[in-house]
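For reference, the structure is listed below as structure tokens.
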Amino acid sequence: MISIDLKKWLWIISIPTLLVLLVFGYLQLGEPSGFSAVTGTILLTCTLLPGALMRLGFFNENPYLRWLVKYRKDLGIVAGAWLLTHGLVSALFFLKREEPIIDQLTVLPLKAIWIMVPVLALMLLTSNECSEKLLGKNWNRLHKLVWLLPVLMFFHGNLAIAEFEKEDFAPAGILMAIVALVALYEAIKKKTYQRIALIVIGWLITMFLWISSQP
């Protein structure tokens, strides 16, 4: 049995690290954007993937997987904090301060954030007992919106790394692709289509953004 209090250590490590990354972003030092993106993606994967695997009957007795599922809500909150901080760090690091911010935020690699940021912010704001009681059954429905993110993050990550860091591919995108594929397999096997429907909606949004940006 794993006895580590993951919730406590997630915040002990994350809070000072995120503050340092914000300073690095402001001073435009190092690679705070990439580090925050990769870490946030890993945390979100640890939030979504273990539960999906266990619903499918894989590794049900694995203590590490059960441990991650136990802390799913805490992982989701910290993942959201990392991903939102990634957005702020990236803005501080990459956006040109002498040019209009709105114009820079409407380039194709960043269009997806206009959907991702509100979704993440909404889930973070409602990740508390008061919101759970107030929303009742609608709380779970609201938080299933997280399944809009895998394809949007894959789209944003790969276009952004090509645009801003001149790299060919965002390795963290593989994790989001795996999450989406496991959700597809779950939909086929369990005939539960809500998660995959949200993933498809996310994919349709990326296709609309891509097509609408073509000359």
Percent RCO, i.e. relative contact order, over the chain, from Cα pairs under 8 Å lying at least 6 residues apart
23 percent
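Tell me what the chain gives for mean residue ellipticity at 222 nm when only DSSP H runs of n ≥ 4 count, each as -39,500 (n - 2.57), the sum divided by the residue total, rounded to 500 deg cm²/dmol. Don't jump to the answer; show the numbers that get you there.
Numbers: 12 runs with 166 residues, N = 215.
Result for the chain, helices only: -25000 deg cm²/dmol.
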Just to verify a number: FRET efficiency for Trp139 and Lys191, C-beta to C-beta distance, R0 = 25 Å, to 0.05?
0.55
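Could you order peptides 67-79, 114-126 by the average number of other Cβ atoms within 10 Å of their residues, highest first? Could you put the intermediate results ahead of the total?
Working: 67-79: 19.2, 114-126: 15.8.
Ranking the peptides 67-79, 114-126 by packing returns 67-79, 114-126.
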Give the peptides 92-102, 10-20 in descending order of average Cβ contacts within 10 Å, highest first.
10-20, 92-102
Hey, can you rank 204-211, 193-200, 56-63 by average C-beta count inside 10 Å, highest first?
193-200, 204-211, 56-63
Using θ = phi - 60° and the Karplus curve 6.51 cos²θ - 1.76 cosθ + 1.60, what whole-Hz ³J(HN,Hα) does each residue of segment 143-150 get, with Gly and Pro shown as x?
6, 6, 4, 4, 6, 6, 6, x
Spin-label model distance (nm) - Leu125 vs Lys70, 7 Å beyond Cα toward Cβ
3.3 nm
On the principal axes of its Cα set, how long, how wide and how thick is segment 6-212? Give whole Å, largest value first.
52, 42, 35
Compute the acute angle (0 to 90°) between the alpha-carbon long axis of helix 32-55 and the principal axis of greatest extent of the alpha-carbon atoms of the chain; round to the nearest 10°.
20 degrees
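Just so you know, all these numbers are worked out from the coordinates, no wet-lab data involved. If you're wondering where the values come from, they're calculated on a predicted model, not measured in any experiment. Methodologically, a virtual Cβ is constructed for each residue, glycine included, from the backbone with ideal geometry; neighbour enumeration extends over all protein chains shown.
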